[in-house]
Amino acid sequence: MNSSRLGGCTLTGALSVTSHVSDAVSIVHGPKGCTHHNFSLLHATWLDNGQVMAPDLFSTGLRENDIVFGGEKALERAVAKAADRDVHAIFVLSTCIVDTIGDDVDAVCAGDYGIPVVHVPTAGFLGGTFQDGLNNALIALAGTAGPCPEGRGVNIIGEMNLEYEVGANYAEVSRLLSGLGLAVNLRFVHAITYEKFSLLGAARLNILRNPSLVPVGEYLQKRFGTPFIASFPHGLSGTLSFIRSVADACGIDGACAADREKALQDEMIASFSDLRGFPVVLDTTLPGQEGTGTAEELAGVLGLSPGNGCGRVLPVSPAVGTAGTRRMLHRWRRAIHA
């Protein structure tokens, strides 16, 4: 049961970021199997989210001879071939075997190809995880953005592009920001072009998807001087705290926005009064601390009765904001009245 959706391949974590830059190509420097596996995973996940498209991936296709004598020539050929296409940037992602044989990927990427070639360190054979790959990719891509005048928008940093509710979660955070008179400056990185990177330093605040991205937030703060909020909001009280924290960070009076959201939450809870009093068991196997805390708070507000191991098993998820909490309540209603 020691599992986490943030575990897994470092390369996959990085590709979940770089593949969302629509006018760039990602080169996987390693055997073809690494590229094939990740292409299939990304393509299937995008289809689940209603995106009928394919990730733009290249493979250097390393073979036994390259592994024995070095794969730098294979990488040079792949980068040159990719640069001939109509793309604005190339991201080179190294695999475990490449770090093992010691290819100088940075030296190859430093060549003159006419467009930026960015090395994203993604070899995870020494214990790297999906989250490490995601963080490395965000930091590497952010390193290509220069300073720019500050605007009034807010950046969304490190969305989980492989999660089913990525669009709904973004919409909820955007709604909460609009209640404070704030707009999203940039989704870094989700369905954007490389030229949009130039706007990264313009935001007055960065909002991270989750606390695992704090190293990225700290890097952006050091590079651009932009403060950050460490996580999307979770649950009822967490959403109200989020509104107040964003308002404080931006020098805005957030009291009215928080009061409006509290009234919306009270109305929502009242509409699920039919759930009160049922003996239930919360399924907290996978959702993590955010999901467990949200569910326990919600069960308490609704007056749901702990079943002491007996009762309807309720699914728990890291519900983002009031809208995410409402979706979880609908799942609870289906489970209780099934």
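Tell me the helices (runs of 4 or more DSSP H) entirely within the range 56-158 that contain at least 3 residues that are free of Cβ contacts under 8 Å to residues at least 60 places away in the same chain. Steps first, answer last, please.
On the way: elements: 64-69, 72-83, 96-101, 105-109, 130-142.
By residue number, 64-69, 72-83, 96-101, 105-109.
With the condition kept exactly as written, say whether any residue in the range 271-279 is outside any loop (DSSP other than H, G, I, E, B), at pLDDT 95 or above and either in contact with a helix residue (DSSP H, G or I) (Cβ under 9 Å, 6 or more places away or on another chain) or open to solvent by less than 30 Å² (accessible area, probe 1.4 Å) (or both). Quick ask: steps written out before the conclusion?
First, pick out the residues of the range 271-279 that are outside any loop (DSSP other than H, G, I, E, B): 273-275, 279.
Imposing the further condition that a residue be at pLDDT 95 or above reduces the set to none.
Taking every residue of the range 271-279 in turn, none turns out to be outside any loop (DSSP other than H, G, I, E, B), at pLDDT 95 or above and either in contact with a helix residue (DSSP H, G or I) (Cβ under 9 Å, 6 or more places away or on another chain) or open to solvent by less than 30 Å² (accessible area, probe 1.4 Å) (or both).
For residues that are part of a loop (DSSP other than H, G, I, E, B) and touching a residue at least 60 places away in the same chain (Cβ under 8 Å), tally how many sit in the range 229-250. Before you say what the answer is, go through the steps one by one.
Going residue by residue through the range 229-250, those that are part of a loop (DSSP other than H, G, I, E, B) are 230-233, 250.
Applying the additional criterion that residues be touching a residue at least 60 places away in the same chain (Cβ under 8 Å) yields 232-233, 250.
Residues flagged as part of a loop (DSSP other than H, G, I, E, B) and touching a residue at least 60 places away in the same chain (Cβ under 8 Å) within the range 229-250 amount to 3.
Pairs only if they're at least six apart or on different chains, beta carbon under 9 angstrom, first in the range 1-24 and open to solvent by 10 Å² or more (accessible area, probe 1.4 Å), second modelled with pLDDT under 90 and in a strand (DSSP E or B); list them, first residue then second.
Pairs that qualify, where the first residue is open to solvent by 10 Å² or more (accessible area, probe 1.4 Å) and the partner is modelled with pLDDT under 90 and in a strand (DSSP E or B), are Ser19/Leu57.
Of the residues Val25, Val17, which single one is closer than 30 Å to Glu165 by Cβ, modelled with pLDDT of 90 or more and either touching an Asp or Glu at 6+ places or on another chain (Cβ under 7 Å) or assigned to a loop (DSSP other than H, G, I, E, B) (or both)?
Working: Val17 fails: either touching an Asp or Glu at 6+ places or on another chain (Cβ under 7 Å) or assigned to a loop (DSSP other than H, G, I, E, B) (or both).
When all the criteria are applied, what remains is Val25.
Name the one entry in Leu329, Leu314 that is modelled with pLDDT of 90 or more, touching a strand residue (DSSP E or B) at 6+ places or on another chain (Cβ under 8 Å) and open to solvent by less than 10 Å² (accessible area, probe 1.4 Å). Lay out the reasoning, then the answer.
Numbers: Leu329 fails: touching a strand residue (DSSP E or B) at 6+ places or on another chain (Cβ under 8 Å).
The conditions single out Leu314.
Gly181: open to solvent by 50 Å² or more (accessible area, probe 1.4 Å) and either assigned to a loop (DSSP other than H, G, I, E, B) or of a type in the set (Phe, Trp, Tyr) (or both), yes or no? Walk me through how you get there before you give the answer.
Numbers: open to solvent by 50 Å² or more (accessible area, probe 1.4 Å): yes; either assigned to a loop (DSSP other than H, G, I, E, B) or of a type in the set (Phe, Trp, Tyr) (or both): yes.
Yes.
Looking at Thr226, is it in a loop (DSSP other than H, G, I, E, B), surrounded by 20 or more Cβ atoms within 10 Å (Cβ to Cβ) and not small (Gly, Ala, Ser)? Please lay out each step first, then the result.
Details: in a loop (DSSP other than H, G, I, E, B): yes; surrounded by 20 or more Cβ atoms within 10 Å (Cβ to Cβ): yes; not small (Gly, Ala, Ser): yes.
Here the answer is yes, as Thr226 does meet what is asked.
Only one residue in Arg187, Arg175, Arg204 is open to solvent by 10 Å² or more (accessible area, probe 1.4 Å), among the basic types (Lys, Arg), modelled with pLDDT of 95 or more and closer than 18 Å to Pro318 by Cβ. Which one? Break it down into steps so the answer makes sense when it comes.
Working: Arg187 fails: closer than 18 Å to Pro318 by Cβ; Arg204 fails: closer than 18 Å to Pro318 by Cβ.
Going through Arg187, Arg175, Arg204 in turn, the sole match is Arg175.
Of all residues in the range 188-215, which are touching a helix residue (DSSP H, G or I) at 6+ places or on another chain (Cβ under 7 Å) and farther than 23 Å from Gly251 by Cβ?
Correct list: Val189, Phe197, Ser212, Leu213, Pro215.
Filter the range 206-261 for residues that are within 21 Å of the chain's Cα centre (by Cα) and on the phi > 0 side of the Ramachandran plot and give the result.
Gly235, the sole residue that qualifies.
The values are calculated or read from the model by the stated rules, or taken from the named source; none is laboratory data. Since this is a predicted model, take the numbers as computed values, not measurements. Don't worry about glycine lacking a Cβ; one is built from the backbone with ideal geometry, like all the others, and counts go over all protein chains shown. Quick note on the areas: whole protein, heavy atoms, side chains included, nothing else; ligands and nucleic acids left out. Shrake-Rupley method; radii C 1.70, N 1.55, O 1.52, S 1.80 Å.
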